[in-house]
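Working notes, beginning with the structure itself.
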Amino acid sequence: MKIIYCIALLFCIGHLCASAQEFPQITNVYNRNTVSLNGKWSYIIDQAEIGNKRKYWEDRQVENRTELLEYNFQTAKQINVPGDWNSQQTELKYYEGKLWYQKSFSLRKIEGKRYFIYFGAVNYQAEVYLNGEKIGTHQGGFNPFNFEITDLIRNENSLVVSVDNTRKKEQIPTIICDWKNFGGLTRDVLIIEEDKTFVEDFSLQLRKGSEDELKFNVTLNGNHGSGKVMLDIPELEIQKEFHVEGSFSEVYIKVKKPVLWTPDSPKLYAVNVQYNNATLSDKIGFRSIEVDDTNILLNGEPVFLRGISFHEESAFTGRRTSSAEEARMMLNWAQELGCNFVRLSHYPHNEYIVRLADEMGLMLWEEIPVYWDIDWNNTKTLELSKQMLGDLINRDKNRAAVVIWSVANETEISESRNKFLKHLIDFSRAKDETRLVSAALLVHDDGISANKRVVDDPLGNYTDIISVNQYAGWYGDVLPNFCEELEWEIKFDKPFMFSEFGAGALGGFHADS
């Protein structure tokens with residue numbers, strides 16, 4: 001299993017796979033009024049999958065001594081949320097299957113407010129029940145999702161979630177991947193409190209091709225999805241009010257030329273979006289990223305990307321990381337190495353790390369787990385991929401640190417694969433035209449010289465950057481000094497970078513070459 005890779009760099013359609021009850025994605029969650037449900041949860045292993053038949057979601061209690069009830073969350077073992085189950089319990093270290101989680105919580109419901117249950121990520125299939133009622137399902141292990149629970153929530157509540165991390169051919173990722181299949185409620189679980197009509201989502205960034213005009217759009221949710229919205233950016237002396245007809249509006253705003261975000265000076269502006277006496281705040285940086293021939297341009301100037309790749313795994317315990325402190329540690333290490341860039345491989349990482357990269361000045365490559373042998377001809381798999389990519393873009397579109405969306409890693413070339421990934425590239429650009437699109441492409445030798453590598457993957461015709469993974473001097477009967485002899489033939493006149501390279505090593509052990 002690959003944990004950390006060094007890299008050097010030269011330069012949804014809806015929620016088709018989720019239940020009908022799944023609420024549109026609420027973004028900027030950590031700047032809203034929330035109640036955390038993190039902490040100890042009860043769990044029951046359901047290897048035989050009898051929980052649905054026995055209605056575990058009812059969270060029943062034995063009413064008399066003669067009643068036969070085959071489960072009891074009150075006396076069950078407990079586990080930490082957020083967190084994977086594999087690293088917390090010896091009996092679950094290699095477990096793949098279904099687990100039932102249960103959490104009791106109190107909440108004082110306020111008249112006129114709406115309530116939502118938010119999951120940062122659940123791997124992989126989730127079924128969610130509140131007070132004995134099913135509120136929805138979700139598929140996909142690395143993206144946030146939420147459900148409205150206004151009509152079901154009480155002063156005292158029982159939340160039950162079944163989680164199944166069984167690998168399947170039609171899923172993303174598919175059956176085979178080279179990272180641990182951590183199961184469980186791996187990220188924050190929160191209750192969101194909102195008004196009857198509220199700002200569900202907004203986007204603010206430089207209009208493409210401009211340094212003094214902002215593109216702002218806002219989405220309202222509620223019975224009265226219209227009204228006046230105020231955009232307030234104090235440092236730029238912007239306080240603009242405009243009317244929203246329906247649930248969505250988009251405007252362009254001229255500004256004094258802002259200080260642009262760079263790794264050396266990661267400038268973020270306080271932004272406030274006000275609606276109906278409620279304010280949703282964020283900190284947002286403005287920058288441009290584009291390509292010009294073989295150069296990557298940050299704010300119009302060539303930038304040399306120096307980076308590292310890592311999984312969302314703890315360097316010390318091998319578990320799925322879930323806290324802002326762990327994210328900061330990893331990014332600090334990257335900066336100590338001299339990096340200005342990080343590849344978050346091979347799936348969307350926790351929102352914490354993306355926001356910290358914004359603050360610390362580290363550019364990011366984010367990707368979805370379209371990895372190795374996907375079911376290219378399955379339309380449901382394509383729609384699931386679009387859902388994952390769309391959810392990722394929605395979550396992180398206001399983060400200046402994110403400069404590349406990646407649609408795949410090391411996928412074998414075929415006509416169906418090329419068509420599948422071209423759909424994702426087009427989808428990405430339709431959702432967000434301000435960032436670059438790439439994928440880790442395949443490389444091969446020329447069949448003549450053992451020292452020559454050729455890059456002509458047809459997907460490179462559609463990506464903005466040509467990126468390849470190459471472990472020269474590691475795989476094969478060669479030593480690391482083979483890198484000195486390697487020649488490259490690149491068929492594209494685009495920026496080129498190694499999205500992975502390196503060699504395995506035993507820390508602290510020094511031997512010959």
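Put Thr294, Thr186, Thr219, Thr66 in order of accessible area, highest first, and with a 1.4 Å probe you get Thr66, Thr294, Thr219, Thr186.
Cα convex hull, the range 432-482: 88 Å³ per residue, rounded to a whole number.
How many Å³ per residue does the convex hull of the Cα positions in the chain occupy?
159
The Cα-based radius of gyration of the range 51-105, divided by its Kirkwood radius, gives an Rg/Rh of 1.01.
Averaging 1/r across all pairs of distinct Cα atoms in the range 162-201 and inverting the result yields a Kirkwood radius of 13.7 Å.
Converting phi to 3J(HN,Hα) with the Karplus coefficients 6.51, -1.76 and 1.60 and the offset θ = phi - 60°, the range 420-428 yields 4, 6, 5, 4, 5, 5, 4, 4, 4 Hz in sequence order, with x at every glycine or proline.
Binning the alpha carbon pair distances of the range 77-227 at 5 angstrom intervals from zero yields the distribution 2, 8, 15, 17, 15, 13, 11, 9, 6, 3, 1, 0, expressed in whole percent. In a fully extended conformation the segment linking Lys77 and Met360 would gain 97.9 nm over its present Cα-Cα distance, using 0.36 nm per residue. Note on the range 184-326: Rg/Rh from Cα positions, Kirkwood definition for Rh, rounded to two decimals, is 1.05.
Extension gain Lys419-Asn451, at 0.36 nm per residue separation less the Cα-Cα distance, in nm?
8.4 nm
A DSSP coil position with no more than 14 other Cβ atoms inside 10 Å describes the following trypsin sites (Lys or Arg not before Pro) in the range 429-513: Lys491.
Within 10 Å, Cβ to Cβ, of Gly97, how many net charges do the neighbouring residues add up to if Lys/Arg are +1 and Asp/Glu are -1? My count for the surroundings of Gly97 gives -3.
Only helical DSSP H runs with n ≥ 4 go in: add -39500 (n - 2.57) per run for the chain, normalise by residue count and round the 222 nm mean residue ellipticity to 500 deg cm²/dmol.
Calculated from helices alone, the mean residue ellipticity at 222 nm is -4000 deg cm²/dmol.
Looking at the chain, the DSSP beta bridges with both ends there are about 80 percent antiparallel.
Simple rule: put +1 on each Lys or Arg Cβ and -1 on each Asp or Glu Cβ in the chain, find the dipole, and look at Ser203, Ser226, Val271; the Cα lying farthest toward the positive end is Ser226.
Each principal axis of the Cα cloud of the range 418-513 was taken in turn, and the coordinate range along them, longest first, works out to 52, 36, 21 Å.
Restricting the range 240-325 to trypsin sites (Lys or Arg not before Pro) that sit in a DSSP loop and have at most 14 other Cβ atoms within 10 Å of their own Cβ leaves Lys256. Here's the picture: charge each Lys and Arg Cβ at +1 and each Asp and Glu Cβ at -1 in the range 289-374, and of Asn332, Gly300, Gly361 the one pushed furthest to the positive end of that dipole is Asn332. Computed over the range 20-67, the percent of Cα pairs more than 13 Å apart is 78.
Rounded to the nearest percent, how much of the accessible area of the chain (1.4 Å probe, protein heavy atoms only) is carbon and sulfur? Solvent-exposed carbon and sulfur of the chain make up 48 percent of the total. Pairs exceeding 22 Å between alpha-carbon atoms, taken from Lys208/Lys494; Lys196/Lys228; Lys53/Lys380: Lys53/Lys380.
Based on protein heavy atoms only, the chain ends up with 44 Å² per residue of surface accessible to a 1.4 Å probe.
Can you work out D for the range 320-452 in µm² s⁻¹ from Stokes-Einstein, where Rh is the Kirkwood radius over C-alpha pairs, the temperature is 10 °C and the viscosity is 1.306 mPa s? The estimated diffusion coefficient comes to 99 µm²/s. Among rounded, prolate and oblate, which fits the range 135-221 when a ≥ b ≥ c are the square roots of the eigenvalues of its C-alpha gyration tensor, a/c under 1.5 means rounded, and a/b larger than b/c means prolate? In terms of gyration-tensor shape, oblate.
Name the GluC sites (Glu not before Pro) in the range 41-124 that are in a loop by DSSP and that have at most 10 other C-beta atoms within 10 Å, would you?
Glu63, Glu67, Glu70, Glu111
The values are calculated or read from the model by the stated rules, or taken from the named source; none is laboratory data. Keep in mind that what you see is a predicted model, and the values were worked out from it rather than measured. Virtual Cβ from ideal backbone geometry, glycine too; neighbours counted across all protein chains shown. Just so you know, the surface numbers come from the protein's heavy atoms only, side chains and all, with ligands and any DNA or RNA stripped out. Shrake-Rupley method; radii C 1.70, N 1.55, O 1.52, S 1.80 Å.
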